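The values are calculated or read from the model by the stated rules, or taken from the named source; none is laboratory data. Computed from a prediction, not measured in an experiment: that's the story for all the values here. Virtual Cβ from ideal backbone geometry, glycine too; neighbours counted across all protein chains shown.
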Amino acid sequence: MIHFDNVTKVYQTQKHPALDSVSIDVDKGEFVFLVGPSGSGKSTFLRLVLKEEKPNKGRVHVAGKDLARLSNWKVPHLRRRIGCVFQDFRLLPNKNVFENVAFALEVIGKPRRFIRKVVPEVVDLVGLEGKSDRMPDELSGGEQQRVAIARAFVNRPQILLADEPTGNIDPATSIGIMKVLDRINRTGTTVVMATHDAAIVDSMRKRVIELEEGVVIRDQTRGVYGQAY
Amino acid sequence: MRAQFVLSETWIGLRRNLTMTVAVITTVAISLALFGGGLLINQQVEEMRRYWDERVSLTVYMCTDTSLSPTCEESGAATEEERTKIHEDLEAMPEVASVDYVTASEAWQDFQERFSNHEALVEAAQEGDIPDNFRVQLKDPTQYQQVTDAVQGRPGVDSVHDDQQVLEQFFSLLDGLKWAALVVSFVQLAAAALLIGNTIRLSAYSRRRETGIMRLVGASNFYIQLPFLLEAAVAGLIGGIIASGFIVAARFFLLDRIQEWFQFDITLGVGAVMYVIGVSVCLGILLCTVAAFLTLRRYLRV
């Protein structure tokens, strides 16, 4: 599903590569944790998958497409197959829960009937039954993140990228978020989650890829956050 | 769904930057009004040229007893013979289309009619001030020199007037006006384009959250940019409509005044004014949209 082949990315303003000859394979339906200290290349990895950045060397394949050969006007279609969740939720403050989730479908031109059918399903799936009319500022951090996940998932993407989704949320609530991500993973969606949260990684027992200074230093199928921590 | 979404986004954008939108509309309106004014004058000049090219003539004035030119002093008032000879010669020239003989009293009547609303002018003149003359219609108005040379200085001929030269002075005045209006309008249009760029930049900035999400969920570039482009186009359209008002006003007040002043009775038709308005409005919309598009390419990474 995601295939990195000797990928090197150097940002123009920096001397050291953010990713240095990284080769990673993520299969369809996998759940992968991407761990490592800040600046180790986790976010760069996610940005390369979205084709927000181009690698300096190496090849990136996502959902069977060679991103180097994907013309710019086709990038939006790639992104429709990828859902994204961030630490800071990125909800629209002037739209309620339903509208925030529906926005993702409206802007890719889905018909209204379809939106009215699928949005409530997804809102229920992330555990926000009965809260469709709430505004973001009436929700807790955990609930806001659930809205963000619903928005990322509503178009049934093949891949869900989560960049520290529990970074702004207390540990107890984080467990609920992880359950939602796990549920999404069970529908066959590949989930890649960058995180600092050792407790979560340890409890899930999923594949762990550890990056340090742009290099993969560990790739375990049923891993933990790290012995050293 | 799509249309409704795009239109509501456009409306929100226009309202959110209300002051900037007003500034854009004002600048666009003024620049387009000047541009339209320039076009209008251009149309007027062209229409007058066409009108006068058909009618423009050389006027060959004959000597009278009171004529002061040296030829007339020498030979005195034109005789019947001289008149007939000149008439025949003029008609025989290949450049000449037609020759009309106008007697002094006919010329006087024509003068009175033409300046009927300028009493002072009519009172200051009297019959005979305009001598009898030949109105010579040329096949090609540029060939007046050959005809002038053929009759100028012949006994009985006082002077030869080329109406075209009088008109040219008038036209060059209008041309000057036209270019002044056009140059100022181009400077204004450039300012308008920069202003639109800034407005759209602000608009894109205040909606960066929305556009960021749109980008992430895979909305197409066109779909992301469309509300901004429409915002600019609407501003251009409103500016154009206001400018149309100015253009119509200019047609009625400015051009009519000029015509009154110079005693030319050609009026720009509705078609010509509509043409000017159409060109101006299209230019306004196009300018705004292109300026917005170029700005978005820089400030709205897709």
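Among the helices (runs of 4 or more DSSP H) contained in the stretch B:147-256, which hold 1 or more residues that are away from chain A (no Cβ under 14 Å) and in contact with an Asp or Glu (Cβ under 9 Å, 6 or more places away or on another chain)? Steps first, please.
Values: elements: B:163-206, B:208-216, B:221-249.
The helices (runs of 4 or more DSSP H) meeting that bar are B:163-206, B:221-249.
Scanning the stretch A:147-189 for residues that are basic (Lys, Arg) and within 14 Å of chain B (Cβ to nearest Cβ) gives A:ARG151, A:ARG156.
Looking at the stretch A:121-141, can you tell me whether even one residue there is in contact (Cβ under 8 Å) with a residue 40 or more places away in the chain, under 26 Å from A:GLY41 (Cα atoms) and either under 13 Å from the mean Cα position of the chain (by Cα) or within 14 Å of chain B (Cβ to nearest Cβ) (or both)? There is no residue in the stretch A:121-141 that is in contact (Cβ under 8 Å) with a residue 40 or more places away in the chain, under 26 Å from A:GLY41 (Cα atoms) and either under 13 Å from the mean Cα position of the chain (by Cα) or within 14 Å of chain B (Cβ to nearest Cβ) (or both). Filtering the stretch B:14-33 for residues that are within 14 Å of another protein chain (Cβ to nearest Cβ), out of contact with any Cys (no Cβ under 6 Å at 6 or more places or on another chain) and surrounded by 13 or more Cβ atoms within 10 Å (Cβ to Cβ) leaves a non-empty set. Being in contact with a strand residue (DSSP E or B) (Cβ under 7 Å, 6 or more places away or on another chain) and part of a strand (DSSP E or B) is the filter here; which residues of the stretch A:61-86 pass it? Selection gives A:HIS61, A:VAL62, A:ASP66, A:ILE82, A:GLY83, A:CYS84, A:VAL85, A:PHE86.
Limited to the stretch A:16-41, what total is found for residues that are closer than 18 Å to A:MET1 by Cβ and of a type outside the set (Asp, Glu)? Reasoning before the result, please.
Initial filter on the stretch A:16-41 (closer than 18 Å to A:MET1 by Cβ): A:22-34.
Now restrict to residues that are of a type outside the set (Asp, Glu): A:22-24, A:26, A:28-29, A:31-34.
Residues meeting the conditions: 10.
Would you check which residues across the stretch A:107-120 are buried (at least 22 other Cβ atoms within 10 Å of the Cβ) and facing another protein chain (nearest Cβ under 8 Å) and list them? A:VAL107, the sole residue that qualifies.
Condition first: touching a helix residue (DSSP H, G or I) at 6+ places or on another chain (Cβ under 7 Å) and assigned to a strand (DSSP E or B). Now tell me which residues in the stretch A:47-60 satisfy that.
Let us first name the residues in the stretch A:47-60 that are touching a helix residue (DSSP H, G or I) at 6+ places or on another chain (Cβ under 7 Å), namely A:50-51, A:53, A:55, A:59-60.
Correct list: A:ARG59, A:VAL60.
Can you name the residue in the stretch A:87-106 that is in a loop (DSSP other than H, G, I, E, B) and on the phi < 0 side of the Ramachandran plot and, of all such residues, is nearest to the other protein chains (Cβ to nearest Cβ)? By that ranking, first place goes to A:LEU92.
Could you please let me know if B:VAL6 is within 14 Å of chain A (Cβ to nearest Cβ) and assigned to a helix (DSSP H, G or I)? Working first, answer last.
Working: within 14 Å of chain A (Cβ to nearest Cβ): yes; assigned to a helix (DSSP H, G or I): yes.
Here the answer is yes, as B:VAL6 does meet what is asked.
How many residues are part of a strand (DSSP E or B) and either among the small types (Gly, Ala, Ser) or farther than 18 Å from A:ILE184 by Cα (or both) if we restrict to the stretch A:1-31? It would help to see each step written out before you state the result.
From the stretch A:1-31, those part of a strand (DSSP E or B) are A:2-9, A:19-26, A:31; that's our starting set.
Keeping just the survivors that are either among the small types (Gly, Ala, Ser) or farther than 18 Å from A:ILE184 by Cα (or both) gives A:3-9, A:19-25.
Total satisfying the criteria: 14.
Taking the condition assigned to a helix (DSSP H, G or I), modelled with pLDDT under 80 and not basic (Lys, Arg), does B:GLU54 pass? So B:GLU54 passes the test.
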